[in-house]
Amino acid sequence: MSTTDSYFDGRLLGLIGINIAGFLLTLFTLGICFPWALCIVEIWYTKHTVIEGKRLRFIGTGMGLFGTWIKIFLLSIITFGIYALWAGIAIKKWKVKNTKFAAE
């Protein structure tokens, strides 16, 4: 592969394992640790992603997402679930903001 190739080098078993781990972490903590589970999964995805020859790195933390997660949760309750429509966008923005190129 040339140094300008973009690719994903993750494997199926790793993907299944990391998603099960994230799901179980969220399930056993009744959703409280969802931000940490999301970070674990996102770290795995970025660790296996190369864009134009540069590997990605995720620098977000569960604590960094926790405030956003609480806001989404509370506003969703207050608006009878309507705010949840914006949750995916808010989380995606946070993920992108915390994704960088790994140091070479």
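The values are calculated or read from the model by the stated rules, or taken from the named source; none is laboratory data. Only a predicted model underlies this, so the values are computations on that prediction, with no experimental measurement involved. No Cβ is skipped: glycine too gets one built from the backbone with ideal geometry, and neighbour counts run over all protein chains shown.
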Under 6 Å between Cβ atoms, which residue pairs at least 6 apart in sequence (or on different chains) link something in the stretch 1-12 that is within 20 Å of TRP44 (Cα to Cα) and in a loop (DSSP other than H, G, I, E, B) with a partner that is at pLDDT 90 or above and among the charged types (D, E, K, R)? SER6/GLU52
Residue check, LYS71 under 25 Å from PHE8 (Cβ atoms), surrounded by 12 or more Cβ atoms within 10 Å (Cβ to Cβ) and at pLDDT below 95: no
Check the stretch 28-48 and report whether any residue there is within 16 Å of LYS95 (Cα to Cα), modelled with pLDDT of 95 or more, of a type outside the set (Asp, Glu) and outside any helix (DSSP H, G or I). yes
Residues of the stretch 1-38 that turn out to be surrounded by 10 or more Cβ atoms within 10 Å (Cβ to Cβ) and on the phi > 0 side of the Ramachandran plot, as a count: 1
The correct count of residues that are closer than 24 Å to LEU12 by Cβ and either of a type in the set (D, E, K, R) or in contact (Cβ under 8 Å) with a residue 40 or more places away in the chain (or both) in the stretch 27-56 is 10
Within the stretch 53-64, track down each residue that is closer than 19 Å to LYS97 by Cβ and either surrounded by fewer than 17 Cβ atoms within 10 Å (Cβ to Cβ) or not aromatic (Phe, Trp, Tyr) (or both). LYS54, ARG55, LEU56, ARG57, ILE59, GLY60, THR61, GLY62, MET63, GLY64
Of everything in the stretch 74-89, what is within 29 Å of TYR7 (Cα to Cα) and either in contact with a Cys (Cβ under 7 Å, 6 or more places away or on another chain) or surrounded by fewer than 15 Cβ atoms within 10 Å (Cβ to Cβ) (or both)? Give them in sequence order. GLY88, ILE89
Taking the criterion of being under 16 Å from LEU15 (Cα atoms), assigned to a helix (DSSP H, G or I) and either under 16 Å from the mean Cα position of the chain (by Cα) or touching a residue at least 12 places away in the same chain (Cβ under 8 Å) (or both), would at least one residue in the stretch 75-84 satisfy it? no
Kindly indicate whether ILE89 is in a helix (DSSP H, G or I) and either without any contact (Cβ under 8 Å) to a residue 40 or more places away in the chain or over 11 Å from the mean Cα position of the chain (by Cα) (or both). yes
Among the numbered criteria (1) out of contact with any Ser or Thr (no Cβ under 7 Å at 6 or more places or on another chain); (2) among the β-branched types (Val, Ile, Thr); (3) farther than 16 Å from LYS97 by Cβ, which single criterion is violated by VAL50? (1)
